[in-house]
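Please read the structure below before turning to the comments.
The values are calculated or read from the model by the stated rules, or taken from the named source; none is laboratory data. Quick caveat, the model's predicted, so the values are computed rather than measured. Reconstructed Cβ throughout: ideal geometry from the backbone, glycine too, with neighbour counts over all protein chains shown. Surface accessibility is based on the protein's heavy atoms, side chains included, excluding ligands, DNA and RNA. Shrake-Rupley method; radii C 1.70, N 1.55, O 1.52, S 1.80 Å.
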Amino acid sequence: MAVSKSIKITVDNRLRHIAFIMDGNGRWAKKRNMPREYGHKKGAQVFHDLCEYCNEIGIKYMTVYAFSTENWKRPKTEVDAIMRLLEEYLDRELPDNVKIRVIGDVNALPEKLIKKIRDVEERSKNNESVVNIAINYGSRAEITTAFNKLLAEGRKNVTEADINAALYTGDCPDPDLIVRTGGDLRISNFLLWQAAYSELYFTDTLWPDMTPEKVDAAIADFYSRKRRFGGLDKNEKKD
Ligand code: IPE
Ligand code: IPE
Ligand code: MG
């Protein structure tokens, strides 16, 4: 799929960071009587296109959930296929105008994949817009790793800012909008700390069926919301 849509939406600094829980690849394939891996392949292409699209409309930070710390529970054939796909995509299918960073416990990944990750991070490091790909990522593991890092520095006390900085996403703003495809209404161990005040958007659309138009719909919904962060709206303050 080429990003053929003429762009209607642009974002401002209220939407700096968008995150996607890219769910539904397996079901998309099953509906077509194909193996789940086929869905992952199509899902990777859709990721590429939407990554370009988000960059075009002015999103500075994008984070996508590609493989969780719990996804190792799946059959080895599926896990191996996902690892192979990631390797392939990191090699040649990524947009070349974004700064790619992998968040998660990279060291537990296959050796060849680790090398690809290092290469692509190095190759893309001077680009402006950031795309975080969460691979072997779990938010609880991320927070635990952050605490251990701070303990190893000999800290007796930590602030919220210290914890924030020690997370994989340390230098990113919190996600303004988290989109989950695939119809399930849960977070599945994704950005638990960072999502404290994120707007959540759930759609039944399976990830391989996502399009720029559907991203626009999520963004339009985001802009219709009032974010109060625990305070009051401007109008309410006048009462
Ligand atoms: C998301 O799609 C991709 C990964 C978790 C790797 P799924 O593989 O979870 O697809 P469904 O949810 O079973 O349809
Ligand atoms: C969440 O999807 C993880 C990714 C999209 C990578 P899952 O399919 O693993 O989530 P659950 O098991 O339905 O919660
Ligand atoms: Mg799923």
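When the Cα positions of Asn126, Trp72, Asn33 are compared along the charge dipole of the chain, Asn33 comes out farthest toward the positive end, with charges on each C-beta of Lys, Arg, Asp and Glu.
The region of the chain that goes longest without hitting one of the chymotrypsin sites (Phe, Trp or Tyr not before Pro) in a DSSP loop, each with at most 14 other Cβ atoms within 10 Å, is 1-196.
Computed with a 1.4 Å probe over protein heavy atoms only, the accessible surface of the chain comes to 53 Å² per residue. Could you tell me which of rounded, prolate or oblate describes region 186-239, using a ≥ b ≥ c as the square roots of the eigenvalues of the alpha-carbon gyration tensor, with rounded for a/c under 1.5 and, failing that, prolate when a/b is larger than b/c and oblate otherwise? In terms of gyration-tensor shape, oblate. Put a dot 7 Å past the Cα of Trp72, heading toward its Cβ, do the same for Glu128, and the two dots end up 3.9 nm apart.
Of the solvent-accessible surface of the chain, computed with a 1.4 Å probe over protein heavy atoms with every protein chain present, carbon and sulfur atoms account for 49 percent. Rounded, prolate or oblate: which fits the chain, taking a ≥ b ≥ c as square roots of the Cα gyration tensor eigenvalues, rounded meaning a/c under 1.5, else prolate when a/b beats b/c? Oblate is the answer for the chain, as a/c is 1.5 or above yet b/c matches or exceeds a/b. Computed with a 1.4 Å probe on the full set of protein chains, the accessible area for Met83 sits at about 10 Å². Only the Cβ atoms of Lys and Arg (+1) and of Asp and Glu (-1) were treated as charged; on that basis the dipole of the chain about its Cα centre amounts to roughly 380 debye. Distance from the Cα centroid of region 92-157 to that of region 195-239 is 27 Å (rounded to whole angstrom).
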